[in-house]
Structures are given as structure tokens and as C-alpha cells.
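What follows is a single structure, written as C-alpha cells, with notes after it.
The values are calculated or read from the model by the stated rules, or taken from the named source; none is laboratory data. What you see is a predicted model; the values in this text were computed from it and never measured. Neighbour counts are summed over all protein chains in view; Cβ atoms, including those assigned to glycine, are modelled from backbone coordinates with ideal geometry.
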Amino acid sequence: MATAPRFRNGSLCESLDHHSRNVYCLIVLMLTLSCLGFFVERRNEAARLAHAQGLLSTDTTPLGLSGGRARGGDFGSPSGSGSSGGGFSGGGGSLPPMGGPSYGGPGYGGGYPSYPRTGPVIVPVPGGYVGGYPGGYVGGYPGGGTMLGGDVGLLFLLAVLGFTVLPLITNLMRLGGDRSSGSVQGVGGGNELTNDIVTVTQLQVALLSQARDLQSALETIAARSDIDTKPGLNRLLQETVLALLRSPEYWSHAKASSQTVRTRAQASQVFEQLSVTERSKFSRETLVNVGGQVSRQTYMPDADADPAAYIVVTLIVGTADDQSLVTQPINSASDLQAALRRLGGVTPDYLLVYELLWAPQAASDSLSYDQLLTAYPDLTQIN
């Protein structure tokens, strides 16, 4: 009779030892999975930022050119949201024109993205049984002895759950939501106007200098457009697209890039960098319409400048789309036509920010072939 209790106590001890090992293995597994999820998230974030930097040209040497500019809209709060997603607001003042006085508008926009952080979460556990054993202990012995410290072991397990498992699940749900917003919602999805996901698209078209009518058309469009309203800004985009579509015989080179970012602050940063990179190629902005304020400057081109050869038009568009607007490189006239029609099809409620840039702006100014190769090396010749 004396040996039976010892046998049962020994079996209980062995069972508790096995349970404790399982708890420790579970904790290690949760820590490993949490670290893996954090590593994957950081790696994806680094790739997105590298892609954003890859959109930007590194050549910012002024060309001795006159430039035209028209811009309106902002990356303010999404529809139905009471808080701003970050970024700039107002008429897009950013930097003053190169080589001239400052034109109106708020200060330089931008800002760095911020991402939600997940803190510890305490998960209540019903009392009485934890891990299949009465008394509210984990892997403990009867009589008060514990292998994980009794209540201390329980608190440690809850802390591990709060710091590891729940953040991991949150990260996975957020990543899954991002994928579904891109693959399920698509362009025109129901949530695109109310979330902070924004697409920034840049399209550049080089035309032969014989397209002087296009220069005049862009000057008229930029100076007369009412860009303080959504419909007016949308008309500016549509009129620009139409002017380019009506000049296919002059198309020579083109390039398109489109990136979808997760926050409006990051979209503002990408947009401003693209804008400043292109504006820095102008010696002077001779026609500017920002926030509805039109300004002009005179410009005297270099008398020894090479003969005019090209005109470059740049469109930078920020939209509420959750997918890139242009996904294929532009190698032919049909590719460029499709990209222009896609931008022209953006509706006023989806259009957030639009900036039109073109050079040269002055009719007496010229952009030579060598200047085109120097300032726009990424343009692809249209077949």
C-alpha cells in the first residue's frame, strides 16, 4: 500500500515534467514565429522604400531651360475619415521656382511615413484550470511547489502571449489585408476612397520640337484651368492627356512609373521628390499656376544654344487607387496611348494631386538632343 501512492506521485511528476517542457517549447515557438514575422515585415518595408527611391532620377543638373508648371490638389484626409493620413495639404506650394521668386502656397510638403505599432495585450484566462490542471498553476506540483513559479509562470505566459502571438497575428492580418486590397478591390474598389493607400504615377513624353502647337496648348491649359476645385483639376489632367493624344506623329520617347504606398505621408514624400527632381532641370519657371495663382516671368535663352529638337512633358498624378495605374513599360506608340488613356480616365473623386511640367516653355527656347540624353536618360525611344 505504501508503494502505490509513490507510483502515482511519480507518474504525476513525470506528467508535470512533460507538460512543462511542452509549455517551454510553445513559448520558444511563439518567439520564433514573432521574430520571423517582424523580419518579413521589415524586409518588405525596406523593399518598398528602395523601390520608391528607384523612381527618382539622380541627375538634377539645370539645363538652361524655361519650364512651365501647373499644380493643384492635396493628400489630405480620405473621404469619410476625420483624421489626416499625413503629408502636405493645400495647393502644393513646395519649393520656390528655380531661378525666380517664390510663388504662393504653403511650405514644402512631405513627411516620413509612420506605421502602427502593436503593444502588449493582456489576455484574461478563466480561473480554475490552466493547461488541464486545477488550482490555476502551470506545470506545478501539489502543495505549493511550481516548476514555472506558480502565478509567476502564469503571468510570464500571458506576457509572452501579449508580446509575441498577438503582434504576429496583427502583422499577418495587416499584410493579408494589403494583399486583398490590391488583388480583390482593384481599381475602383469600394474601400479605395476611404483608406490611406495612395498611388503615385509619373508619365513623361518627349516630342519632336515641331509640336509647337502643343506648347501653346499647354500654356493655355495651365494658365486658364481652375485647379482649386476637384472638377477643375480633373479637367486640367484630361486636357493635358487630350493634347498629347492629338500629337502622336511627334512622339519620340516616353517613360512611366507607378507606385502604390500605404500612407499618404509616404505618398506626399514620393510626389514631392519626383516634382523637385523634374523642376531642378529648369533654369527658370516662366509660367506657374499653383493654387490658382498664375505667375509669369520673361526668359532670354542662350544665343549660342543648339537648335530646338524636343519638348518634354511630365505628368505626376496622385490618386486614391489601391493598384498601380501603369504596370507595363512603354516601348511603342500603343503602349503610350494606353497609358495616357488610363490617366485620362481618372475621375475627380479619385484624383488627389496633379502636377503638369513641360520644357521648354518659352517659344524661343530649345531642348537639344544632347540635353535630352543628359537630363532624361531613362526615356525609352518609341518604336
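Checking residue 326 against (1) aliphatic (A, V, I, L, M); (2) over 21 Å from the mean Cα position of the chain (by Cα); (3) modelled with pLDDT under 95, which test does it fail? Failing condition for residue 326: (2). Between 298, 286, which is modelled with pLDDT under 95 and surrounded by 20 or more Cβ atoms within 10 Å (Cβ to Cβ)? Within the list 298, 286, the selection yields 286.
Within 26 Å of residue 261 (Cα to Cα), hydrophobic (A, V, I, L, M, F, W, C) and either in contact with a Leu (Cβ under 8 Å, 6 or more places away or on another chain) or buried (at least 16 other Cβ atoms within 10 Å of the Cβ) (or both): does that describe residue 352? Break it down stepwise before answering.
On the way: within 26 Å of residue 261 (Cα to Cα): yes; hydrophobic (A, V, I, L, M, F, W, C): yes; either in contact with a Leu (Cβ under 8 Å, 6 or more places away or on another chain) or buried (at least 16 other Cβ atoms within 10 Å of the Cβ) (or both): yes.
Yes.
One residue is enough: does the stretch 365-378 have a residue meeting the conditions within 30 Å of residue 196 (Cα to Cα) and either surrounded by 19 or more Cβ atoms within 10 Å (Cβ to Cβ) or free of Cβ contacts under 8 Å to residues at least 60 places away in the same chain (or both)? No; the residues of the stretch 365-378 include none that is within 30 Å of residue 196 (Cα to Cα) and either surrounded by 19 or more Cβ atoms within 10 Å (Cβ to Cβ) or free of Cβ contacts under 8 Å to residues at least 60 places away in the same chain (or both). Against the test of being in the same structural domain as residue 277 (by TED's automatic domain parsing), under 20 Å from residue 238 (Cα atoms), outside any strand (DSSP E or B) and of a type in the set (A, V, I, L, M, F, W, C), the options 346, 353 yield a single qualifying residue, 346. Of the strands (runs of 3 or more DSSP E) lying entirely inside the stretch 213-320, those containing at least 1 residues that are closer than 23 Å to residue 369 by Cα are 251-261, 284-290, 310-319.
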